[in-house]
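Only one structure is covered here, and it is reproduced in the block below.
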Amino acid sequence: MIENLHIDHVLDLSTPEDRQRLCEVAKDHPELLSLIEEYLDEYLRFFSEPDWRKIYSGGMLPVQASKKHLVGFDLMQVLKLTRALRKLTGYSGFDTLMAGFRNPAQIESTYFEAVVAGWCAGRAVSLSMDFSPEVVVKGKSKYPEFLWHTELGSVYCECKKGNFLESRFHRNLAKLQLYLREIYEQYRPWDTSLRLDVRFERGTTNKIYSRFKSVVAQASAALKAGTYKNQIFRKDDVSAALRRRDEPIPQESEIIHASMAEVGPVAQSLPEATYLSLTMSLAKYRQETVARLLQDARTQLPTGSVSLVFIELGGASAAAQQKLQTRLGGPAYKNTPWVSIWGQGEIAFAVWRNEQPFDDKLLAKT
């Protein structure tokens, strides 16, 4: 969503009147207005279907991916996508790339592929590329995203999205949150000036209910005994602590967090009303995810050729970077010497093997 972009009715970019109205509401957004002026006409040529032409307040552009699922873009994203597509027009197989946007099940993956290909086309070493080249892997035809021809040599490229897995992780958090709240209620009354902070280190969720129950029971007993201060209650990879509600919940990188608040007749701030929190570490999960996606990508790539892998993971991750550095250092990855992690349509970082041509030179722009 584009902040403070207020549109009073759904705009249909097929009509001149609504295109003019879009320019008017974008006047206070210089970057957006510049993109509209340079790329809107080209965007409309690339995307003629009705779903791609309806713009809602905030610049939102929901595209139907299935009967139950919408893919949410905003106008800034699709205009930057158009900028990338402009660089790719004329390359072999471009029509195959664009066909992915007409297949609802492929829209999200095709978007990432196009963004990555546009980035590659903007590198100083780039020469050209061929989309969806046929290769043979273990006797079967495979079609990597594209073959990138560079001044350093030609490399096959495969793109993998991991953010949908992270969305599933968020859904698991919501389910675990319900378990935890149910257990917490069993041990009432609690001190209304305190908050119970529970942390799960991302081990297996087998018997998670009993682990939650153990730390909550420990906290309840310590509260009744008056011995809860500065104590950490543990059961395997679950821990808990009782803290004053005005004490901030400990923050760190690579976590997801959920808080539960109770609403009463007296107005309270959110921290004052928050009685229970659940924090889960993303570090181990992201390491597992990047390893799985890298392995999956390599099954689509010819074993005897040098290949690059691009993974969308939601953003920078020290844990994922550490995992990649360990993996790429091994002899099995000689032909996969360069892997990058992406988030929000931007490259977060890249990892590469030493003493081979595909290194930081790939990062230099034209």
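The values are calculated or read from the model by the stated rules, or taken from the named source; none is laboratory data. Everything quoted here is computed from the prediction, not taken from an experiment. Methodologically, a virtual Cβ is constructed for each residue, glycine included, from the backbone with ideal geometry; neighbour enumeration extends over all protein chains shown.
Summary of values
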item	result
In region 184-207, residue farthest from ARG244 (Cα to Cα) [restricted to those that are surrounded by 20 or more Cβ atoms within 10 Å (Cβ to Cβ) and of a type in the set (A, V, I, L, M)]	VAL198
Matching entry among LEU278, LEU293, LEU308 (being part of a strand (DSSP E or B), under 29 Å from TYR179 (Cβ atoms) and modelled with pLDDT of 90 or more)	LEU278
Hits in region 181-223 - residues which are within 33 Å of the chain's Cα centre (by Cα) and part of a helix (DSSP H, G or I)	ARG181, GLU182, ILE183, TYR184, ILE208, TYR209, SER210, ARG211, PHE212, LYS213, VAL215, VAL216
Region 311-326, residues that are surrounded by fewer than 21 Cβ atoms within 10 Å (Cβ to Cβ) and either polar (S, T, N, Q) or at pLDDT 95 or above (or both)	GLN321, GLN322, GLN325, THR326
Failed item, numbered, when LEU362 is tested on (1) at pLDDT 95 or above; (2) of a type in the set (A, V, I, L, M); (3) over 17 Å from ALA121 (Cα atoms)	(3)
Among the residues listed as ARG21, ARG86, the single one being more than 27 Å from the chain's Cα centre (by Cα), at pLDDT 95 or above, in a helix (DSSP H, G or I) and surrounded by 12 or more Cβ atoms within 10 Å (Cβ to Cβ)	ARG21
Condition check for GLN231: at pLDDT 95 or above, part of a loop (DSSP other than H, G, I, E, B) and loosely packed, with under 15 Cβ neighbours inside 10 Å	yes
Test: residue in region 335-357 that is outside the structural domain of ILE255 (by TED's automatic domain parsing), over 27 Å from LYS80 (Cβ atoms) and assigned to a helix (DSSP H, G or I)	no
Close pairs from region 243-258: first without any contact (Cβ under 8 Å) to a residue 24 or more places away in the chain and surrounded by 13 or more Cβ atoms within 10 Å (Cβ to Cβ), partner assigned to a strand (DSSP E or B) and β-branched (Val, Ile, Thr), Cβ under 7 Å, at least 6 apart	HIS257/THR279
Subset of region 25-44 [surrounded by 15 or more Cβ atoms within 10 Å (Cβ to Cβ) and more than 20 Å from ASP8 (Cβ to Cβ)]	LEU35, TYR39, GLU42, TYR43, LEU44
Every residue from region 47-105 that is more than 25 Å from CYS23 (Cβ to Cβ), charged (D, E, K, R) and in the same structural domain as CYS23 (by TED's automatic domain parsing)	LYS67, LYS68
Whichever residue in region 56-80 is more than 19 Å from the chain's Cα centre (by Cα) and part of a strand (DSSP E or B) and, among such residues, is surrounded by the fewest Cβ atoms within 10 Å (Cβ to Cβ)	GLN64
Flag for VAL125 being of a type in the set (A, V, I, L, M), surrounded by 18 or more Cβ atoms within 10 Å (Cβ to Cβ) and touching a Lys or Arg at 6+ places or on another chain (Cβ under 7 Å)	yes
Matching option when the condition is farther than 21 Å from LEU293 by Cβ and not charged (D, E, K, R), among SER132, SER154, SER109	SER154
Condition check for GLU3: under 28 Å from the mean Cα position of the chain (by Cα) and in a helix (DSSP H, G or I)	no
Members of region 249-275 found to be assigned to a loop (DSSP other than H, G, I, E, B) and at pLDDT 85 or above, listed by number	ILE249
Looking only at region 89-120, and only at residues there that are over 23 Å from the mean Cα position of the chain (by Cα) and not aromatic (Phe, Trp, Tyr), the one that is modelled with the lowest pLDDT	GLY90
